[in-house]
Amino acid sequence: MDRELPPNEIRSVKRRRIAAGIAAVAIVATGYWALGAWLRPTVDRRELRLARVEAGSIDSTLQAAGTVVPLEERLVTSPADARLLRVLLRAGDRVRPGQPILQLDASGLELQRNTLAQQLALKGNERRRARLASQHRLSDLEAELRGQRLSLDFLVAKREQTEKLHRDGLASREALLAARLEVDLAQATLDKIEAQAGNARAAIDAELDGIGLEIGILERELSDADRKRTQAQAASDVAGTLTWTLTEPGTRVQAGDVLARVSDLSAFRVRATVSDSQASRVEAGLPAKVRVDGRTIEGRVATVLPAVENGTVSFLVDLDDPSDAGLRSSRRVDVEVVVDRREQTLVVRRGPGITGTGAQRLFVVKGDRAERRNVTVGLMNLDWCELVSGVVPGDELILSDTRLWDSVDVLALR
């Protein structure tokens, strides 16, 4: 039979068993801690892009692709259907006001001009003949009026004499009525001639005015033909740099076709495009930022063009410094249009670790490790992000791309 242990030995055995259990638990806990430390990724701080959360303001911007264009550009167009005879200047040449750029075949313009000159001369002769004819007609009417007035005066005197004789009983009543009737007929004839003279003057004035209008039209057409003949030299009316021109003699052009472009390359603006789905957010007067050589040139949206081309809408940006040294014609630039602004908020530099707006899980640095935290991102632009919740000023965030550690909530830093 087993010997029954004394009470003091039983207590000793229990103490040894409890100590062994505690040691086993400690060994297991240490193992789990060592395993977690072994499984937790360790990253060198120098390989990470870090930034601190700051209090400040942020602009929400709409990104657009832009092209630098001259602030002032003149188009030299063809005055008529013509053929290119000679190219006098090439792209890149400086142009003085009135200096010919191209020479067009002006034979058609010369013929048009001569035809108009002949028509103008014929119309001038027609006006002179009309004036002479009207003068003769009015002279005849004036003579007829003078004769009729004399006749009326004579008949009035005759009537008065007949009335006196009738009172004296020396003239019959029939003679008196006849004298009065002759006066009335003479007056009616005079009124008719005066009306004819007035109508004749009005008709003559209308005819001469019509001829004058036709002459005015022909004079303007002749002046325009002279201008077009002068423009056959395709000259610019301003000084600048020739940025484009036709180059092949013999090329046929139509009236209004662009022959050359002359630009002032000392001042520029930006023509930018956005998707038509974003066009409603762009308005004239909104602030804009143009990125050039890592710098920002401030400006404002001047005009939003109404046409939609290939699913995009274009707008023009006037710059605060249109003569910046980084601006060159046709250069591609990035444009930001400021569509919203937040004051007194939390912001942080933008980095690849922040993938967009809304809720995100970002790493916040705490000493020698970084912990995942739920953060809400608000407004964004090319440089900054607004942090709506999840952080406080001074928190340090990892802005590097952390997709490699998507399944990890804690990073060890060294």
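Some observations on this one:
- At an R0 of 60 angstrom, the distance between the Cβ atoms of D168 and R220 translates into a FRET efficiency of 0.20.
- Available extension along the chain between E110 and R45 is 15.3 nm, counting 0.36 nm per residue and deducting the alpha carbon span.
- Considering helices alone, the calculated mean residue ellipticity of the chain at 222 nm is -14000 deg cm²/dmol, with DSSP H runs of length four and up weighted by -39500 (n - 2.57) and normalised per residue.
- Å² per residue, accessible surface of the chain at 1.4 Å: 61 Å²
- Among residues other than V274 with Cβ under 14 Å from its Cβ, the summed charge is -3 (Lys and Arg +1, Asp and Glu -1).
- Percent carbon-and-sulfur accessible area, the stretch 230-304, ignoring ligands, DNA and RNA, probe 1.4 Å: 46 percent
- Extents of the chain, taken as max minus min of Cα coordinates on every principal axis and listed largest first, are 201, 68, 37 Å.
- Over the stretch 71-222, all Cα pairs binned in 10 Å intervals from 0 give whole-percent P(r) values of 9, 18, 15, 13, 11, 9, 8, 6, 5, 4, 1, 0, listed from short to long.
- Share of pairwise Cα separations in the stretch 254-315, more than 14 Å, in percent: 67 percent
- Taking label positions 7 Å along the Cα-Cβ direction at both E54 and V258, the computed distance is 4.4 nm, reported to one decimal.
- Label point at R281 placed 7 Å out along Cα→Cβ; residues across the stretch 370-414 whose backbone nitrogen lies under 15 Å: 378-386
- For a straight C-alpha distance cut-off of 28 angstrom, the lysines reachable from K192 (same-chain residues fewer than eight places away being disregarded) are K158.
- Cα-based Kirkwood hydrodynamic radius, the stretch 220-284, one decimal, Å: 15.8 Å
- For E110, the solvent-accessible surface computed with a 1.4 Å probe is close to 70 Å², ligands and nucleic acids excluded.
- The magnitude of the dipole of the stretch 184-267, with charges of +1 and -1 set on the Cβ of Lys/Arg and Asp/Glu and taken from the Cα centre, is near 540 debye.
- Percent accessible area from carbon and sulfur atoms, the stretch 126-168, protein chains only, probe 1.4 Å: 49 percent
- Between N310 and N199, the modelled label-to-label distance comes to 7.1 nm, taking each label 7 Å out from Cα in the direction of the beta carbon.
- Each peptide among 285-294, 44-53 gets the average number of other Cβ atoms lying within 10 Å of its residues, and from highest to lowest they stand as 285-294, 44-53.
- Cβ-based net charge around R146, under 14 Å, with every Lys or Arg adding one and every Asp or Glu removing one: -4
- Principal semi-axes of the equivalent ellipsoid, √(5λ) from the alpha carbon gyration tensor of the stretch 82-170, are 78, 14, 6 Å from largest down.
- In the calculated pair-distance distribution of the stretch 257-414, the portion above 23 angstrom amounts to 54 percent of the Cα-Cα pairs.
- Full-stretch length increase - D191, S329 - with 0.36 nm per residue and alpha-carbon distance subtracted: 41.7 nm
The values are calculated or read from the model by the stated rules, or taken from the named source; none is laboratory data. Please read these numbers as outputs of a predicted model, since none were measured by experiment. Glycine also receives a Cβ, built like all others from the backbone with ideal geometry; neighbour counts cover every protein chain displayed. Accessible surface areas use protein heavy atoms only, side chains included; no ligands, DNA or RNA. Shrake-Rupley method; radii C 1.70, N 1.55, O 1.52, S 1.80 Å.
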